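Computed from the coordinates by the stated procedures, all read-outs in this text should not be read as laboratory data. What you see is a predicted model, and the numbers here were worked out from it, not measured in a lab. Here the Cβ positions follow ideal geometry from the backbone for every residue, glycine too, while neighbour counts run over all protein chains shown.
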Amino acid sequence: MIANLIFDRETQQVLDAVETDRSIWKARLEDWCSINTGSRNLEGLQAFLLKLEAAFQDLPGTCSRRSLQAEAIINAQGQEAEQALSDSLHAVVRPEAPIKLVLTGHYDTVFPAQSSFQTVREIEPGVVNGPGVADMKGGLWVMLEALKAFEALPCSAQIGYEVLLSPDEEIGSPGSAALLYEIGARSDVGLTYEPALADGSMSGARKGSGNFSLTIHGKAAHVGRAHHEGRSAIAAAARFVAGLEALNGKAPGVTFNTGRVDGGGPNNVVPDLAVVRFNVRVPDAAAATWAQSEVDALIGQYLLGGGIHAHLHGGFSRPAKPRTPAQELVFAQIAAAGKAVGLELVYKDTGGVCEGNNLAASGCANVDTLGPRGGLIHSDQEFAILDSFPERVRLSLAVLVGYATGQLDAKAPRRLLAQELGTSPCS
């Protein structure tokens, strides 16, 4: 049982001073969300990064760009290629402090440069609709305001933290995953700013996710003169996709989804190339192993021999984030901080994935829905509730003060993990 948090007079004054004017929060969102930052829109991402740099320079410590390795992709022609990524923004504050936290967020959205969804509007009093208002430019504002408020308190000296803002979360963090792991491995607890649900519910366990591209090669032939000599890559892809989709329901919590098939050409040519792109969601590591073995078996059954061959690319880039004892402790700690500022927090398991998965894989227990309340993300109906912005700033501030004053034990999750693994916790 975690005791009730008690705030001193100075902390209470800072909590009371959190900005509550809806119009100010709306104006901030209009400014940031008017810049398109689709994951592939490098020009927009770079333009927005300038705003992020200016905003996060208000924090002490250092703030620098971290370049990311290009993403390895399979193009529509089945060839390996590289896709350039924007930079991450990395802030480091008091790395010598006894308590070490990592705060993460992303500044890319799912909406491409050519999307018609580009502006913020108030759809009803206190509710705004726009690209990234919840997921997660709104979350970045909550993070920044909480950190700025925390820096006004003497207890901030007890906490060192790193902030990583990534440009590639919506495409699976292909470039920033290594950085997330690196920083998570040296941090006590992680805080990530994905949006909470509209009712304030937060994410508990998360499934793991794997993205795959399967390149299938057949043999081209004239469909009238020599159809029997051809080997259709499209037909082979169809058999594979049918087998893949039939795996749904075979194991608890595991889903397979075919997202796209590329290939083919003129109707009078037997197609010799197809690329099948699919996603797999799994509840744990054992399920991931099973899913991989089933995919391999399908490839062996449908795509090897008889003039057809295939190559599988990709894998599980985001391991599952189960409810471990360390995770449950962090959930309880954040709930205690929430109670101290008048919030009753509830955690619900989800099939969605985020940077919290990557932090958990590094051994860093975390809460990953500290952003504003909102919903319908990844659609042009995305919304955020303006009154939730000061509410969530106060929540993060309470969490930071709780850890800084020792009312919440930031080292305890690592100790639990060490007991589970039979190792020594990091210092």
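What to note about this one:
- Here is the list for segment 206-288: trypsin sites (Lys or Arg not before Pro) lying in DSSP coil, each with at most 15 other C-beta atoms within 10 angstrom of its C-beta, are ARG225, LYS250.
- Residue exposure sequence - CYS155, CYS33 - by fewest surrounding Cβ within 10 Å: CYS155, CYS33
- 17 Å reach of a label modelled at ALA72, 7 Å along Cα-to-Cβ, counting backbone N of segment 298-335: 311-318
- Segment 371-427: trypsin sites (Lys or Arg not before Pro) in DSSP coil with no more than 14 other Cβ atoms inside 10 Å: none
- From the C-alpha gyration tensor of the chain, square roots of 5λ in Å: 43, 24, 18
- In terms of other Cβ atoms within 10 Å, PHE117, PHE240, PHE212 run from fewest to most in the order PHE117, PHE212, PHE240.
- Over segment 208-318, Cα pairs under 8 Å with separation of 6+ residues give a relative contact order of 43 percent.
- Of LYS148/LYS321; LYS26/LYS51; LYS51/LYS321, those spanning more than 22 Å from alpha-carbon to alpha-carbon: LYS148/LYS321; LYS51/LYS321
- When you count the other C-beta atoms within 10 angstrom of each residue and take the mean per peptide, 78-86, 320-328 line up highest first as 320-328, 78-86.
- Note on LYS348 and ALA226: their simple-model spin labels are 5.9 nm apart, each label 7 Å out from Cα toward Cβ.
- When you filter the chymotrypsin sites (Phe, Trp or Tyr not before Pro) in segment 324-402 for DSSP loop state and at most 14 other Cβ atoms inside 10 Å of their Cβ, nothing is left.
- Cα gyration tensor shape of segment 361-417, rounded if a/c is under 1.5, else prolate or oblate by comparing a/b with b/c: oblate
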